[in-house]
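Trainee: Before anything else, here's the structure in question.
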Amino acid sequence: MKLQAGGHIFDFSKRTFIMGILNVTPDSFSDGGLHMDPGAAVEHALEMASLGADIIDIGGESTRPGSLPVNEEMEIGRTAPVIRALRKRSSVPVSIDTYRSAVARAALDAGADIINDISGMRFDSAMPGLAASYKAPVVLMHIKGTPKDMQKNPVYEALIPEILDYLRGSVRIAIEAGVERDKIMIDPGIGFGKTTPQNLEILKNLDIFTGLELPILVGPSRKAFIGNVSGGLPVGERLEGTLAALSAAILNGADIVRVHDVKEAARAARVADAIKRARSF
């Protein structure tokens, strides 16, 4: 499978690609407040690109468990200036992490290439048409509930089948709006309405999602389930667990991994890719 974004070709038969996380928010669970200044945000994006990030994912609203939404004007004000400034200094593909079509439009106009929608185009009915009109690649993620309530006892009758059905529905919504299938990626939504055992089950069975024949993005970076499995480690001590989860995801079919720690993740992905593809060096 291949995907084109921002003049770049992602050939998923060759290797796993790295998406670096850039939250320009005061309250994200891991890096909230670190990159609120646009200049600092751009410098961090450039650093991630130099360390191996193939895509920079920029978000202006925290979607951590229990978070409340901000208004779209604030979200645009946080993200669009950073995207414009980054685009002047780098051609690295940029994704906008939003479920709002107005924010996505402002980001694409500012120079973003990809829409990363945590709702799988379910929260804003105008999003599918917008993506189609801009011919923008999209990431369609599964979520149960909303960020405010998603971790309040999420229950599934059949975890993997339900996520698959949701993603199939999102793909259908996108295609019916005019999004080309070769511009669609899927994300099972680690940590978005899932318990620790459920997150582990998704990673263990990730190869099932390859049946959708679309690139798979996985984002376990520093999330709570890693802390839980590791004996209650805080966010800042979850690197090793994150790398283990990333490696498992890659071996089970992930094509893109969304991470905070780009240098370490890129190195881990290189080894996981070598094992997966049995390359000789």
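The values are calculated or read from the model by the stated rules, or taken from the named source; none is laboratory data. Fair warning: this is a prediction, and the values are worked out from it, not measured in the lab. Please note: Cβ atoms are built from the backbone with ideal geometry, for glycine as well, and neighbour counts cover all protein chains shown.
Trainee: If the requirement is being at negative phi, under 18 Å from the mean Cα position of the chain (by Cα), part of a loop (DSSP other than H, G, I, E, B) and buried (at least 18 other Cβ atoms within 10 Å of the Cβ), which of these qualifies: Ile190, Ile186, Ile202?
Mentor: Ile190
Trainee: If you don't mind, there's one more thing I want to ask. Is it true that Ile9 is over 18 Å from Ala131 (Cα atoms), in contact with a His (Cβ under 6 Å, 6 or more places away or on another chain) and either aliphatic (A, V, I, L, M) or not in a loop (DSSP other than H, G, I, E, B) (or both)?
Mentor: So Ile9 fails the test.
Trainee: Additional query: If we scan segment 76-89, do we find a residue that is in contact (Cβ under 8 Å) with a residue 60 or more places away in the chain and touching a helix residue (DSSP H, G or I) at 6+ places or on another chain (Cβ under 8 Å)?
Mentor: Within segment 76-89 (the criterion being in contact (Cβ under 8 Å) with a residue 60 or more places away in the chain and touching a helix residue (DSSP H, G or I) at 6+ places or on another chain (Cβ under 8 Å)), the answer is yes, since at least one residue qualifies.
Trainee: Filter segment 62-79 for residues that are of a type in the set (Gly, Ala, Ser) and under 18 Å from the mean Cα position of the chain (by Cα) and give the result.
Mentor: Ser62, Ser67
Trainee: Residues being assigned to a loop (DSSP other than H, G, I, E, B) and not basic (Lys, Arg): count how many of those fall in segment 12-24.
Mentor: 4
Trainee: Mind checking whether some residue in segment 170-187 is closer than 16 Å to Ile250 by Cβ and touching a helix residue (DSSP H, G or I) at 6+ places or on another chain (Cβ under 6 Å)?
Mentor: Yes, some residue in segment 170-187 is closer than 16 Å to Ile250 by Cβ and touching a helix residue (DSSP H, G or I) at 6+ places or on another chain (Cβ under 6 Å).
Trainee: Criterion first (under 30 Å from Pro137 (Cα atoms), buried (at least 24 other Cβ atoms within 10 Å of the Cβ) and of a type outside the set (Lys, Arg)) does Ile208 satisfy it?
Mentor: no
Trainee: Let me ask something else about it. Could you list all residues from segment 143-183 that are aromatic (Phe, Trp, Tyr) and surrounded by fewer than 18 Cβ atoms within 10 Å (Cβ to Cβ)?
Mentor: Tyr156
Trainee: Any residue in segment 252-281 that is on the phi > 0 side of the Ramachandran plot sitting within a Cβ distance under 6 Å of a residue that is of a type in the set (Asp, Glu)? List the pairs, counting only those 6 or more apart or interchain.
Mentor: From residues that are on the phi > 0 side of the Ramachandran plot, the pairs are Gly253/Asp207.
Trainee: Tally time: how many residues in segment 8-34 are farther than 20 Å from Glu264 by Cα, modelled with pLDDT under 90 and over 17 Å from the mean Cα position of the chain (by Cα)?
Mentor: Here the count works out to 3.
Trainee: Going through Ile216, Ile202, Ile175 one at a time, which residue ends up being modelled with pLDDT of 95 or more, closer than 27 Å to Gly120 by Cβ and in contact with a strand residue (DSSP E or B) (Cβ under 7 Å, 6 or more places away or on another chain)?
Mentor: Ile216
Trainee: Looking only at segment 226-281, which residues are part of a loop (DSSP other than H, G, I, E, B), within 16 Å of the chain's Cα centre (by Cα) and closer than 24 Å to Ser50 by Cα?
Mentor: Ala254, Asp255, His260, Asp261
Trainee: Can you pull out every residue in segment 91-103 that is out of contact with any Leu (no Cβ under 6 Å at 6 or more places or on another chain) and surrounded by fewer than 23 Cβ atoms within 10 Å (Cβ to Cβ)?
Mentor: Ser91, Val92, Ala102
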